[in-house]
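Okay, structure first, notes after.
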Amino acid sequence: MKKLFSLLSLLATFCLFAQDVKTPEEIQQELDQAQRDFERAKEMFIPWYTGPLITASANNVPKGKYNVQGYLFITTDYAQFNDNRKSKDIPNIFTLKPLLLFQKGLLTWLDITVIGQGFFRWREGEYAQRYGDTSVQCGFQLVKQTPYVPSVRLILGESFPTGRYQKLHPEKAGIDASGSGAFETIVGLVVNKIFWSNPKHPVSVRFATTYNFPDHSVEVEEFNAYGGGFGTDGKICAGSTLNLDLGVEVSLTQKWVFASDVAYSFSTKSTFSGTPGFIAPGIPAANGGPTSDNLSLAPAIEYNVSSTGGFIGGVWFPITGRNSSNFISAVLSYTQLF
């Protein structure tokens, strides 16, 4: 009986082994697939992103680290969209705007960002240079990105009226204005996800929404950022602004990335109360402004030196607008994490 059982066991083992034996063709197919998987793995990489030009980041700076990013905007305002979205030519305004962003990681879920900016403007032989408003923002990392979950960041901040906004020079036609004159609260939410549908060219998608609203009305005298003229004396209730930004980055290689932003801004009207003043005898000065919006596009190319730093350069221009500027701007930036 034992011999019969052993014989049956041996026969069963032989049958199973015979089923596992593969033909030379099957073995070659598996080797070819393994080689393809190996070659594909060699071409994959951890993507490096400097970030698109406009859309904010959904990731805080790590605790104990800090990031410095400098921007240079070279802009020509050559027209103005009217209330019917028609672009009407204006005398060219040339602006050189340097902007510096400093970001510090305080906790695993909290960082702080300080943004300062300056303006150098020319128009029809007139020149002005001014420091702009300064903003301080706190970033709260609500969710960190995983293979299936996007990163989510909440932004709370304040803009301080460090720029010039009133008692402007009558001959400069407003080019010496560089601020709003108001403390503004900033609330924002940013979401970001990297998609690996094409492992050789991963795509990073960001969406950001921010809402800026003044904390109080602004006292204005003479020529100011909201209009005005000789003898103007009153208060401006400045409008709020909603920004919606979509940023996409497509990795060409680990270092080279194509990026593009679609940016939309909407501002409510600014209202004036007080003595309007005049711009010439018999001509009253305009104060405040109507509701406005602007839809713009900003394609760019990134070159990432490493995982912690890189360059980005592109062009920013409107697609359409209402009661807003029609412009073209060259934008250059470098960012470095320390």
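Screening the range 203-221 for residues that are buried (at least 19 other Cβ atoms within 10 Å of the Cβ) and small (G, A, S) and picking the one that is farthest from the chain's Cα centre (by Cα) gives S204. Being at pLDDT below 95 and in contact with a strand residue (DSSP E or B) (Cβ under 6 Å, 6 or more places away or on another chain) holds for only one residue in S240, S260, S197, S217, and it is S217. Answer yes or no: is there a residue in the range 222-242 that is in a strand (DSSP E or B), over 18 Å from S307 (Cα atoms), in contact (Cβ under 8 Å) with a residue 12 or more places away in the chain and within 16 Å of the chain's Cα centre (by Cα). Yes - at least one qualifying residue is present in the range 222-242. Could you tell me whether K200 is on the phi > 0 side of the Ramachandran plot and surrounded by fewer than 15 Cβ atoms within 10 Å (Cβ to Cβ)? So K200 does not fit the description; no. Within the range 182-197, restricting attention to residues that are in contact with a Pro (Cβ under 9 Å, 6 or more places away or on another chain) and surrounded by 14 or more Cβ atoms within 10 Å (Cβ to Cβ), which residue is farthest from S273 (Cα to Cα)? Here the residue is I194.
Here the range 77-123 is the region considered, the condition is being buried (at least 18 other Cβ atoms within 10 Å of the Cβ) and free of Cβ contacts under 8 Å to residues at least 24 places away in the same chain, and the residue that is farthest from the chain's Cα centre (by Cα) is Q117.
Of everything listed in (1) touching a Ser or Thr at 6+ places or on another chain (Cβ under 6 Å); (2) under 27 Å from G163 (Cβ atoms), the single unmet condition for I90 is (1). Strands (runs of 3 or more DSSP E) fully within the range 270-310 that include at least 3 residues being within 21 Å of the chain's Cα centre (by Cα) and more than 16 Å from F223 (Cβ to Cβ): 292-306.
The values are calculated or read from the model by the stated rules, or taken from the named source; none is laboratory data. From a predicted model like this one, the values you see are computed outputs, not experimental measurements. For neighbour counting, all protein chains shown are included, and Cβ atoms are generated from backbone atoms with ideal geometry for every residue, glycine included.
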